[in-house]
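A short reminder: the numbers here are calculations on the coordinates, not readings from a lab. On a predicted model such as this, the values are computed, not experimentally measured, just so you know. Reconstructed Cβ throughout: ideal geometry from the backbone, glycine too, with neighbour counts over all protein chains shown.
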Amino acid sequence: MARSTLYQQVAGELRRAIYSGELGPGAQLPTEMDLMDSHEVSRNTVRLALAELENEGLITRMRRRGSFVRDRRALLMRPQDELGASPGVLRREAFAEAVTKEGRKPGQEIQVSIVRPPEEIAARLELEEHAFAVVRRRLRYVDDQPYNTNDSYFPHALVRDSEIARPADITRGANRVLEELGHRQVRVVDDISARMPTPEESSRLQLEPGTPVVVYVRVGYDREDTPVRVAVSVLPADKHLIRYELELS
């Protein structure tokens with residue numbers, strides 16, 4: 001029997017155990033020696049099987065400790081909820097609310113800068129050449145683990161005297177501040193794509209090898225159909241479930 005078939009068989013049995021729940025999140029896989037004995041294969045075959053599972057994002061291999069099933073509990077994100085509150089009704093920032101609803105602990109680090117935005121962002125905001133934007137860069141946490149990044153860009157001329165331009169958390173969310181400034185978002189356009197992460201993203205989000213990311217870009221428009229916000233989120237694919245609910249008239 002070919003070596004490739006052998007390691008795929010070992011990987012397949014472990015994969016089934018993980019998906020069935022027999023090996024739950026955090027569970028330790030049998031040692032290399034145990035797998036060699038139970039499947040009557042070589043150490044190299046076992047290592048090829050484990051490498052395949054690691055590349056799929058199913059396990060984490062720790063030197064001198066062994067291999068463990070990754071926690072694949074995805075955070076449910078409902079993009080339609082972000083702008084769903086009635087005007088004048090206060091609510092928590094959408095990410096914090098989603099995390100709290102699941103009984104988990106939200107957190108974030110915030111950096112605020114005045115920048116000349118990348119060309120793509122400037123085009124989406126319909127900014128004039130050399131115009132500035134305020135960007136709020138956030139690294140967001142769930143249960144003290146980095147979960148995603150969110151960079152929100154706003155026209156500097158629009159928000160320069162507001163809380164959006166200050167380096168602090170906005171409990172009620174930047175969308176509510178835009179509403180208070182007279183620019184409530186009434187229409188959004190979402191673009192969702194997938195790719196492999198950059199080295200910086202892998203480091204910042206502490207991604208395991210082989211983990212792809214979803215790039216979620218939302219452009220918000222006010223009643224004059226002027227773009228007032230571009231939000232770019234980078235979401236590790238194994239940690240997020242995006243759910244849209246659409247009502248048909």
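Below is a table of values for the structure above.
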{"item": "Full-stretch length increase - ILE242, THR226 - with 0.36 nm per residue and alpha-carbon distance subtracted", "result": "3.1 nm"}
{"item": "Distance (nanometres) between label positions extended 7 Å along Cα→Cβ at ARG160 and GLU13", "result": "6.8 nm"}
{"item": "Radius 13 Å from Cβ of GLN111, net charge of other residues (Lys, Arg +1; Asp, Glu -1)", "result": "+3"}
{"item": "Per residue Cα convex hull volume in Å³ - calculated over the range 75-242", "result": "112 Å³"}
